[in-house]
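Single-structure report; data block below.
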């Protein structure tokens with residue numbers, strides 16, 4: 001195995017990928033100038049057969065789901081043993097998808113649950129900023145009643161009973177960042 005380039009940010013990762021066209025790209029989820037999911041999408045737009053492995057410290061079910069949905073063929077945590085990294089690279093190079101069982105279970109949990117809509121995520125983000133229903137409605141140009149409807153749906157989908165629980169559950173799943 002040979003490292004052909006190293007990027008300091010998302011923009012540079014895409015540019016270097018264009019130049020070197022590596023067999024496998026290891027990409028972090030969170031970095032300056034373009035998150036990992038954006039990098040995956042941009043690279044896969046250039047080459048749908050590009051093989052990308054996410055290597056990160058983040059393992060929420062939503063982050064795993066978004067990375068795989070974008071086209072990552074593997075997902076590893078940075079604290080994985082070196083041999084596990086090499087094994088993942090070999091498997092993805094051979095055309096397999098490689099997700100450790102514990103992360104696969106989180107992905108399955110995310111996929112089996114009902115997904116929040118974009119608008120519900122918007123409501124959650126404002127909720128996490130401490131906004132009232134009226135303020136959320138004003139910010140999103142909807143009525144307070146519509147905000148309450150969204151909140152009921154969010155509570156149901158996240159299986160929570162309160163605003164605080166909703167924020168905590170959404171943060172834990174990686175739907176919002178506090």
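Summary of values
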item	result
Among the candidates 64, 53, residue that is buried (at least 18 other Cβ atoms within 10 Å of the Cβ), part of a helix (DSSP H, G or I) and touching a helix residue (DSSP H, G or I) at 6+ places or on another chain (Cβ under 9 Å)	64
Enumeration of residues in region 67-90 that are farther than 17 Å from residue 13 by Cβ, at pLDDT below 90 and assigned to a helix (DSSP H, G or I)	68, 69
Selection status of residue 160, in contact (Cβ under 8 Å) with a residue 12 or more places away in the chain and either surrounded by 15 or more Cβ atoms within 10 Å (Cβ to Cβ) or outside the structural domain of residue 66 (by TED's automatic domain parsing) (or both)	no
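The values are calculated or read from the model by the stated rules, or taken from the named source; none is laboratory data. The shown structure was predicted, so the numbers you read here are calculated from the model rather than taken from an experiment. Counting neighbours? That spans all protein chains shown, and the Cβs are built from the backbone with ideal geometry, glycine included.
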